[in-house]
Amino acid sequence: MTGKIAGKRRVFSGIQPTGDIHLGNYLGAIKQWVESQELYDNIFCIVNSHAITTRQDPATLRAKSYELGAMLLACGIDMDKSSLFIQSEIDEHAALAWILDCNIPMGDMSRMTQFKDKSSKNPKNINVGLFNYPALMAADILLYQASGVPVGEDQKQHLELTRDVATRFNRDFGECFTIPEPIIPKIGARVMGLDTPESKMSKSAKGENHAIFLLDSPEAIVRKCKKAVTDSQSGIIFDESRAGLYNLLCIYEIFTQQSRAAIEAEFAGKGYGHFKAALAEVLIDSLRPIRENYARLQREGGYIERILQEGADKVRPIAKATYQRAKELVGLV
Ligand code: ATP
Ligand code: LTN
């Protein structure tokens, strides 16, 4: 397909420039983007058009989009191996979403649980864009002929919808889109809120001890670990029925890369306080380089803006070629 690096599978993923990046975003998505950069032909997108499905302050949205660019570079996205750009820089995303809208049954769209969840959390602003969000996401992916989409568990249903609309379109109008597959990490695909272990860690949740953000100070990390909800049982063991502890242990497992047996042995006979202190220490050490990289990038005025512009210029021809083909197939040209 157009512009593809020879022999490499193309992956595409997106992240919204709303709120601050937390451990869920990092472990569910960004970490795997970074670690598999060598393997794939990577396109990553700051999805600011998705962000306006909930009300945003314009100046803040603009600033957050660039901050997210800096954060992704700080986490290890390497512009020699990956393309990174801002969604609204490429008009074909919204344009293809319209063609897809006209090919998605209402029934399919109405089943999306993220819409139900977000509209119940924000009953004063249930807009058409929020409902159509998955069509824009499908357009993001299909425009670039991506065959893999590294995301957290929560995006699986949107990927199914993307696959369905692409398959139907190819069948009804002619070959146009690569059918993408989700790439979901084995652990970290669903990091839970520290204060609410029954719901996923989210940028839009309110509680001050809900999420650990990548830029949190060491003091904040210690406090949040200490306050994390656990249970009244004893024993530091991996037991899914003890949701709070299990979530913390999975986070510890990913960052230390130790086996579950080794972790359980390390904390045998110890209490929650001891484990939470060890977790905080691991998190502080692991997130320090990201914090330092981010601070350095923030001092380099104009750099992020330039990088993101170059990223858009690099991938725009791919999006244009796919959109042109879709337009021709449906009879718009
Ligand atoms: P919100 O919940 O406020 O809508 P978000 O935190 O889900 O926002 P997004 O920008 O929508 O953030 O997600 C970016 C990526 O992070 C997606 O791939 C998503 O699947 C992943 N992700 C988000 N939350 C989690 C989580 N708690 N655990 C694992 N992955 C997550
Ligand atoms: N819907 C995703 C963000 C997103 C995305 C994408 C992810 C928008 N477009 C394309 C993967 C591919 C979310 O809410 N996390």
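Laid out as a table, the results:
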quantity	calculated
Pairs, first under 22 Å from Cys176 (Cβ atoms) and within 16 Å of ligand 1 (Cβ to nearest atom) in region 140-165, second of a type in the set (Gly, Ala, Ser) and outside any helix (DSSP H, G or I), C-beta under 8 Å, six or more apart	Asp140/Gly14; Val149/Ser13
Breaking point among (1) over 23 Å from Cys75 (Cα atoms); (2) surrounded by fewer than 17 Cβ atoms within 10 Å (Cβ to Cβ), for Gln258	(1)
Boolean, Tyr40 is in contact (Cβ under 8 Å) with a residue 60 or more places away in the chain and within 14 Å of ligand 2 (Cβ to nearest atom)	yes
Residue, farthest from the chain's Cα centre (by Cα), within region 207-262, restricted to residues that are β-branched (Val, Ile, Thr) and within 28 Å of Glu67 (Cβ to Cβ)	Val222
Which listed residue, of Ile43, Ile30, Ile52, is surrounded by fewer than 21 Cβ atoms within 10 Å (Cβ to Cβ), of a type in the set (Val, Ile, Thr) and at pLDDT 95 or above	Ile52
Subset of region 35-89 [among the aliphatic types (A, V, I, L, M), in a helix (DSSP H, G or I) and more than 14 Å from the chain's Cα centre (by Cα)]	Ala59, Leu61, Ala63, Ala70, Leu73, Ala74
Residue within region 100-116 that is more than 20 Å from Tyr40 (Cβ to Cβ), of a type in the set (Phe, Trp, Tyr) and more than 16 Å from ligand 1 (Cβ to nearest atom) present	no
Extreme residue, surrounded by the most Cβ atoms within 10 Å (Cβ to Cβ), among residues of region 102-152 that are away from ligand 2 (no atom under 13 Å from the Cβ) and basic (Lys, Arg)	Arg111
Residues of region 21-53 satisfying the condition of being touching a Ser or Thr at 6+ places or on another chain (Cβ under 8 Å) and more than 8 Å from ligand 1 (Cβ to nearest atom)	Trp33, Gln37, Asn42, Ile43, Phe44, Cys45, Ile46, Asn48, Ser49, Ala51
Residue among Ala135, Ala166 that alone is out of contact with any Asp or Glu (no Cβ under 7 Å at 6 or more places or on another chain), closer than 25 Å to Ile318 by Cα and among the hydrophobic types (A, V, I, L, M, F, W, C)	Ala166
Residue within region 7-20 that is assigned to a helix (DSSP H, G or I), within 14 Å of ligand 1 (Cβ to nearest atom) and within 24 Å of Gln298 (Cβ to Cβ) present	no
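Residues are listed down the side, and each one gets a yes or a no for (1) small (Gly, Ala, Ser); (2) surrounded by fewer than 12 Cβ atoms within 10 Å (Cβ to Cβ); (3) without any contact (Cβ under 8 Å) to a residue 40 or more places away in the chain; (4) not in a loop (DSSP other than H, G, I, E, B):
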position	(1), (2), (3), (4)
Val282	no, no, yes, yes
Leu287	no, no, no, yes
Gln298	no, no, no, yes
Glu305	no, no, no, yes
Glu310	no, no, no, yes
Pro317	no, yes, no, yes
Thr322	no, no, no, yes
Glu328	no, no, yes, yes
Val333	no, yes, yes, no
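Okay, residues lined up against (1) buried (at least 19 other Cβ atoms within 10 Å of the Cβ); (2) away from ligand 2 (no atom under 16 Å from the Cβ); (3) among the hydroxyl-bearing types (Ser, Thr, Tyr); (4) not in a strand (DSSP E or B):
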| residue | (1), (2), (3), (4) |
| --- | --- |
| Asp172 | no, yes, no, yes |
| Ile179 | no, no, no, yes |
| Ile187 | no, yes, no, yes |
| Leu194 | yes, yes, no, yes |
| Lys206 | no, yes, no, yes |
| Leu215 | no, yes, no, yes |
| Ile221 | yes, yes, no, yes |
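The values are calculated or read from the model by the stated rules, or taken from the named source; none is laboratory data. Just so it is clear, the model here is predicted, and its values are computed rather than measured. Because the Cβ atoms are built from the backbone with ideal geometry, glycine has one as well, and the counts that use them run over all protein chains shown.
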